[in-house]
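The values are calculated or read from the model by the stated rules, or taken from the named source; none is laboratory data. No experiment lies behind these values; they were computed from the predicted model shown. Methodologically, a virtual Cβ is constructed for each residue, glycine included, from the backbone with ideal geometry; neighbour enumeration extends over all protein chains shown. Note: areas computed on protein heavy atoms with side chains; ligands, DNA, RNA excluded. Shrake-Rupley method; radii C 1.70, N 1.55, O 1.52, S 1.80 Å.
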Amino acid sequence: MIGRAARAGRVMNRRRSGMGAVLATWTALALCCALPSAARAEALPEALAKAYQTNPQLNAERARQRATDENVPQALAGYRPQIVASLSAGLQSVRNLLPDNTIQTGNLKPWIIGVTVTQTLFNGFRTANSVRAAELQVQSGREALRNVGQGVLLDAVTAYTNVLANQSLVEAQRSNVAFLRETLSVTQRRLNAGDVTPTDTAQAEARLNRGLADLNAAEVALAVSQATYAQVIGNSPSQLRPAEAVDRYLPKSREDAVTMAIRQHPAVMAASFDVDVASTNIRIAEGVLLPSATIQGSASKSRNNDPTLGTFAEDQASIVANVTAPIYDGGQAAAQTRQAKEITAQSRLVLDQVRNQARTAVVSAWVANEGAKVTVSASESEVKAATVALQGVQREASGGQRTTVDVLNSQADLIQAKARLIGAQRDRVIASYTLLSAIGHLDVKTLNLNTPDYLPEVHYHQVRDAWHGLRTPSGQ
């Protein structure tokens with residue numbers, strides 16, 4: 001009896017020393033993570049600023065918008081004169097039969113040079129309506145650009161929080177593996193002392209192998225999320241700071257959020273401008289049925305050699321006014337007008353659809369954001385309770401009231417609770433940014449990011465009144 005009690009005492013001492021080693025390992029891992037973070041940590045706003053500046057998808061959309069800007073000077077060209085210069089020259093061989101039956105031959109070298117200026121005076125208001133349609137397309141494109149910017153920033157938030165969460169999961173799994181290794185070591189010593197059976201050792205070894213597999217899966221997920229981070233933000237992640245939700249930018253009620261989305265979301269505003277574009281295209285199509293008037297001035301000079309070896313010259317200048325009125329074109333203009341009206345009706349239906357989608361997106365994001373708050377609170381309580389439970393099971397096991405599998409199960413419950421908490425904290429941040437995007441306010445100004453805001457109107461004013469030039473303007 002005395003020998004058994006002594007062995008039990010030695011086992012309890014080993015348990016305490018084993019738990020001390022686990023705690024020391026956990027503390028060392030925490031310190032290793034904390035020291036580099038203080039030295040070179042990257043916050044979420046910094047990552048969002050980088051994505052806003054360098055993301056290829058967003059930069060491609062900006063280039064598309066700059067191309068759309070060029071529709072306006074193209075339409076304005078209808079107000080301006082068209083000038084065409086022409087030059088022709090050739091060699092002509094002539095053989096003439098004269099009334100006295102003589103033949104006269106010669107080689108002619110005619111040439112003519114001229115310039116023609118054409119100015120449209122009236123074309124059924126098609127130029128004015130084309131300019132208006134082009135300007136509305138620019139407005140629609142700007143809203144589409146803003147919507148893509150929201151998507152890129154939300155992708156950046158998701159990539160950032162995924163890396164952060166997966167890093168935490170990897171550290172948690174490493175701590176779990178360290179705990180399981182120590183538990184297996186303690187169990188093997190107890191087996192050698194005759195306090196446990198080989199079943200306990202097998203259970204501890206099985207849990208360790210499961211822990212190693214979970215650690216590998218976490219490391220794989222981390223590598224994937226790091227690659228996605230580099231794709232979206234433009235550089236590989238270093239040490240990331242914890243991200244915070246953006247509840248301070250969100251409306252106070254769900255009804256306010258829905259109202260803001262219907263009125264201010266870029267997708268809704270872009271669809272509204274598309275309706276205006278389609279309506280203007282009706283007037284452009286109807287303009288084909290109206291008369292048109294142009295004035296044309298031309299001047300030319302020609303030279304020629306005649307068969308008598310003399311020189312013939314002609315200088316000509318003219319101004320001609322031209323008025324045309326369509327009578328019948330086979331029904332083409334009428335069909336184009338009807339088509340434009342149907343496209344307008346389609347655009348209005350699309351606008352209603354986009355509004356409904358915006359309303360649904362806001363409600364879904366609002367509910368998800370509120371649910372994420374509850375999940376985080378519940379997960380925090382679960383981790384606290386699981387930690388207390390593990391400590392209690394360890395104390396009971398050291399007194400012989402619990403088995404090794406009880407300790408392993410309690411540790412598994414704690415790791416699962418931590419994983420759920422990490423996922424809940426990630427989902428909490430993403431949900432708040434998703435709601436901000438759903439109401440149309442996920443942008444540089446709202447987030448106060450430390451980066452210049454891209455202003456599409458700068459390029460628009462650079463090219464709107466440009467009469468010539470093939471170079472794209474700087475300062476885009």
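Matching residues to (1) without any contact (Cβ under 8 Å) to a residue 12 or more places away in the chain; (2) open to solvent by less than 30 Å² (accessible area, probe 1.4 Å); (3) touching a His at 6+ places or on another chain (Cβ under 6 Å); (4) in a helix (DSSP H, G or I):
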site: Arg190; (1), (2), (3), (4): no, no, no, yes
site: Asp195; (1), (2), (3), (4): no, no, no, no
site: Ala204; (1), (2), (3), (4): no, yes, no, yes
site: Leu208; (1), (2), (3), (4): no, yes, no, yes
site: Gly211; (1), (2), (3), (4): no, yes, no, yes
site: Ala218; (1), (2), (3), (4): no, yes, no, yes
site: Ala221; (1), (2), (3), (4): no, no, no, yes
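Could you say which residue among Ala75, Ala85, Ala47 is under 53 Å from the mean Cα position of the chain (by Cα), loosely packed, with under 14 Cβ neighbours inside 10 Å and hydrophobic (A, V, I, L, M, F, W, C)?
Details: Ala75 fails: loosely packed, with under 14 Cβ neighbours inside 10 Å; Ala47 fails: loosely packed, with under 14 Cβ neighbours inside 10 Å.
On inspection, the qualifying residue turns out to be Ala85.
So which residues in region 229-255 are touching a residue at least 24 places away in the same chain (Cβ under 8 Å), closer than 13 Å to Trp366 by Cβ and open to solvent by 30 Å² or more (accessible area, probe 1.4 Å), if there are any at all?
Once the filter is applied, which keeps residues that are touching a residue at least 24 places away in the same chain (Cβ under 8 Å), closer than 13 Å to Trp366 by Cβ and open to solvent by 30 Å² or more (accessible area, probe 1.4 Å), region 229-255 yields Asp247, Arg254.
Pick from region 437-476 the residues that are at positive phi and either surrounded by fewer than 16 Cβ atoms within 10 Å (Cβ to Cβ) or not in a loop (DSSP other than H, G, I, E, B) (or both): which of them is farthest from the chain's Cα centre (by Cα)? First the steps, then the outcome.
Taking region 437-476 as the starting set, the residues that turn out to be at positive phi are 440, 448, 469, 475.
Narrowing the set further to residues that are either surrounded by fewer than 16 Cβ atoms within 10 Å (Cβ to Cβ) or not in a loop (DSSP other than H, G, I, E, B) (or both) leaves 448, 469, 475.
On the way: Asn448: 19, Gly469: 32, Gly475: 22 Å.
Among them, the one singled out is Gly469.
Would you be able to say whether some residue in region 379-390 is within 33 Å of the chain's Cα centre (by Cα) and open to solvent by less than 70 Å² (accessible area, probe 1.4 Å)?
Scanning region 379-390 turns up at least one residue that is within 33 Å of the chain's Cα centre (by Cα) and open to solvent by less than 70 Å² (accessible area, probe 1.4 Å).
Restricting attention to region 364-378, and to residues there that are among the hydrophobic types (A, V, I, L, M, F, W, C) and exposed (fewer than 15 other Cβ atoms within 10 Å of the Cβ), which single residue is nearest to Asp274 (Cα to Cα)?
Start the filter on region 364-378 by keeping residues that are among the hydrophobic types (A, V, I, L, M, F, W, C), which leaves 365-368, 372, 374, 376, 378.
Within this subset, residues satisfying the condition of being exposed (fewer than 15 other Cβ atoms within 10 Å of the Cβ) are 367, 374, 378.
Numbers: Val367: 31, Val374: 41, Ala378: 46 Å.
For region 364-378, the residue satisfying everything is Val367.
Suppose we filter region 394-421 for residues that are of a type in the set (Gly, Ala, Ser) and within 16 Å of Glu182 (Cα to Cα); how many remain?
Taking region 394-421 as the starting set, the residues that turn out to be of a type in the set (Gly, Ala, Ser) are 397-400, 410, 412, 417, 419.
Cutting the leftovers down to within 16 Å of Glu182 (Cα to Cα) gives us 397-398, 410, 412.
Residues in region 394-421 being of a type in the set (Gly, Ala, Ser) and within 16 Å of Glu182 (Cα to Cα): 4 in total.
If I filter region 267-278 for residues that are farther than 22 Å from Gly124 by Cα and open to solvent by 50 Å² or more (accessible area, probe 1.4 Å), do I get at least one hit?
Yes, because at least one residue in region 267-278 is farther than 22 Å from Gly124 by Cα and open to solvent by 50 Å² or more (accessible area, probe 1.4 Å).
So how many residues does region 400-436 have that are open to solvent by 40 Å² or more (accessible area, probe 1.4 Å), free of Cβ contacts under 8 Å to residues at least 60 places away in the same chain and not in a loop (DSSP other than H, G, I, E, B)?
Matching residues across region 400-436 total 6.
Select from region 304-320 the residues that are modelled with pLDDT of 60 or more and not in a strand (DSSP E or B) and list them in ascending order.
Once the filter is applied, which keeps residues that are modelled with pLDDT of 60 or more and not in a strand (DSSP E or B), region 304-320 yields only Asp306.
Please indicate, with yes or no, whether at least one residue in region 426-441 is within 24 Å of Asp214 (Cα to Cα) and not charged (D, E, K, R).
The answer is no, given that none of the residues of region 426-441 is within 24 Å of Asp214 (Cα to Cα) and not charged (D, E, K, R).
Answer yes or no: is there a residue in region 61-72 that is of a type in the set (Val, Ile, Thr), more than 23 Å from Ala293 (Cα to Cα) and under 39 Å from the mean Cα position of the chain (by Cα). Working first, answer last.
So the first thing to find is which residues in region 61-72 are of a type in the set (Val, Ile, Thr), and the list is 68, 72.
Next, from what is left, pick out any that are more than 23 Å from Ala293 (Cα to Cα): 68.
Subset that is under 39 Å from the mean Cα position of the chain (by Cα): 68.
Checked region 61-72: at least one residue is of a type in the set (Val, Ile, Thr), more than 23 Å from Ala293 (Cα to Cα) and under 39 Å from the mean Cα position of the chain (by Cα).
Looking at Ala334, is it out of contact with any strand residue (DSSP E or B) (no Cβ under 9 Å at 6 or more places or on another chain) and surrounded by 14 or more Cβ atoms within 10 Å (Cβ to Cβ)?
Details: out of contact with any strand residue (DSSP E or B) (no Cβ under 9 Å at 6 or more places or on another chain): yes; surrounded by 14 or more Cβ atoms within 10 Å (Cβ to Cβ): yes.
So Ala334 passes the test.
Considering Glu135, Glu182, which residue is farther than 30 Å from Leu44 by Cβ, at pLDDT below 95 and either among the acidic types (Asp, Glu) or open to solvent by less than 10 Å² (accessible area, probe 1.4 Å) (or both)? Before the answer, list the steps.
Numbers: Glu135 fails: at pLDDT below 95.
Selected residue: Glu182, the only one of Glu135, Glu182 that is farther than 30 Å from Leu44 by Cβ, at pLDDT below 95 and either among the acidic types (Asp, Glu) or open to solvent by less than 10 Å² (accessible area, probe 1.4 Å) (or both).
Mind checking which pairs have a first residue in region 371-399 that is over 28 Å from Asp247 (Cβ atoms) and a second that is assigned to a helix (DSSP H, G or I) and small (Gly, Ala, Ser), Cβ under 6 Å, 6 or more apart or different chains?
Pairs found: Ala389/Ser410; Leu390/Ser410; Val393/Ser410.
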